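Peer 1: Take this structure, written in structure tokens, and hold onto it; I'll ask about it next.
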Amino acid sequence: QVQLVESGGGLVQAGGSLRLSCAASGSTFSLAVMGWYRQAPGKQREWVTVISSGGGTNYADFVKGRFTISRDNAENTVYLQMSSLKPEDTAVYYCYAKQGGTYWGQGTQVTVSS
């Protein structure tokens, strides 16, 4: 069983930056594929980014060049550095982990004002 707790969301002006954190429980964190989804009001949840156990990354086109995912296996934490934020980035951001099954955090709200 993996438990995930996100933090770092908030309100920011367009063009600003935020860093989200996702703290995971479990001794096998370093083996898990981790990533982020987001869900804007009235829209379906959409995939944002993923990082493999070896550190390989992939991004949705709409965040490439602006968002960076990283992980610290010693701290059992995944980070999402978000820069050049746009109002359309406003959403609840969910951390996920794939380790056997798929596990989700509770989400953290990101609001970007214009």
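Peer 1: Answer with yes or no whether V48 is assigned to a strand (DSSP E or B), touching a residue at least 40 places away in the same chain (Cβ under 8 Å) and farther than 15 Å from T77 by Cβ.
Peer 2: Values: assigned to a strand (DSSP E or B): yes; touching a residue at least 40 places away in the same chain (Cβ under 8 Å): yes; farther than 15 Å from T77 by Cβ: yes.
It is true that V48 is assigned to a strand (DSSP E or B), touching a residue at least 40 places away in the same chain (Cβ under 8 Å) and farther than 15 Å from T77 by Cβ.
Peer 1: If I ask for residues that are more than 18 Å from A23 (Cβ to Cβ), outside any strand (DSSP E or B) and of a type in the set (A, V, I, L, M), which ones from segment 64-114 would you list?
Peer 2: L85
Peer 1: On to the next question. If a residue must be at pLDDT below 95 and open to solvent by less than 50 Å² (accessible area, probe 1.4 Å), how many such residues does segment 53-65 contain?
Peer 2: Number of matching residues: 1.
Peer 1: Run T68 past the list (1) open to solvent by 70 Å² or more (accessible area, probe 1.4 Å); (2) within 11 Å of the chain's Cα centre (by Cα); (3) over 26 Å from G15 (Cβ atoms) and report the number of the one that doesn't hold.
Peer 2: (3)
Peer 1: Can you run down the residue pairs with Cβ atoms below 8 Å, 6 or more apart or on separate chains, where the first is in segment 7-33 and more than 17 Å from T90 (Cα to Cα) and the partner is of a type in the set (D, E) and at pLDDT below 95?
Peer 2: A23/E75
Peer 1: Has segment 5-12 got at least one residue that is in a helix (DSSP H, G or I) and either acidic (D, E) or open to solvent by 60 Å² or more (accessible area, probe 1.4 Å) (or both)?
Peer 2: no
Peer 1: Sticking with this one: So, in segment 71-114, of the ones that are among the acidic types (D, E) and within 17 Å of E46 (Cα to Cα), which residue ends up most open to solvent (accessible area, probe 1.4 Å)? Break it down stepwise before answering.
Peer 2: Kept after step one, since they are among the acidic types (D, E), are these residues of segment 71-114: 72, 75, 88-89.
Cutting the leftovers down to within 17 Å of E46 (Cα to Cα) gives us 88-89.
On the way: E88: 122, D89: 1 Å².
Result: E88.
Peer 1: Shifting gears a bit: What are the residues in segment 20-44 that are surrounded by 14 or more Cβ atoms within 10 Å (Cβ to Cβ), of a type outside the set (G, A, S) and farther than 16 Å from E75 by Cα, if any?
Peer 2: Within segment 20-44, W36, Y37, R38, Q39 qualify.
Peer 1: Restrict the check to segment 50-57 and report whether at least one residue is in contact with a helix residue (DSSP H, G or I) (Cβ under 8 Å, 6 or more places away or on another chain), farther than 15 Å from Q106 by Cα and aliphatic (A, V, I, L, M).
Peer 2: Within segment 50-57 (the criterion being in contact with a helix residue (DSSP H, G or I) (Cβ under 8 Å, 6 or more places away or on another chain), farther than 15 Å from Q106 by Cα and aliphatic (A, V, I, L, M)), the answer is no, since none of the residues qualifies.
The values are calculated or read from the model by the stated rules, or taken from the named source; none is laboratory data. Nothing here was measured: the structure is a model prediction, and the numbers come from that model. Note that each Cβ is placed from the backbone with ideal geometry, even for glycine, and that neighbours are counted across all protein chains shown. Each accessible area value is taken on the protein alone, full model and side chains, heavy atoms only, with ligands, DNA and RNA left out. Shrake-Rupley method; radii C 1.70, N 1.55, O 1.52, S 1.80 Å.
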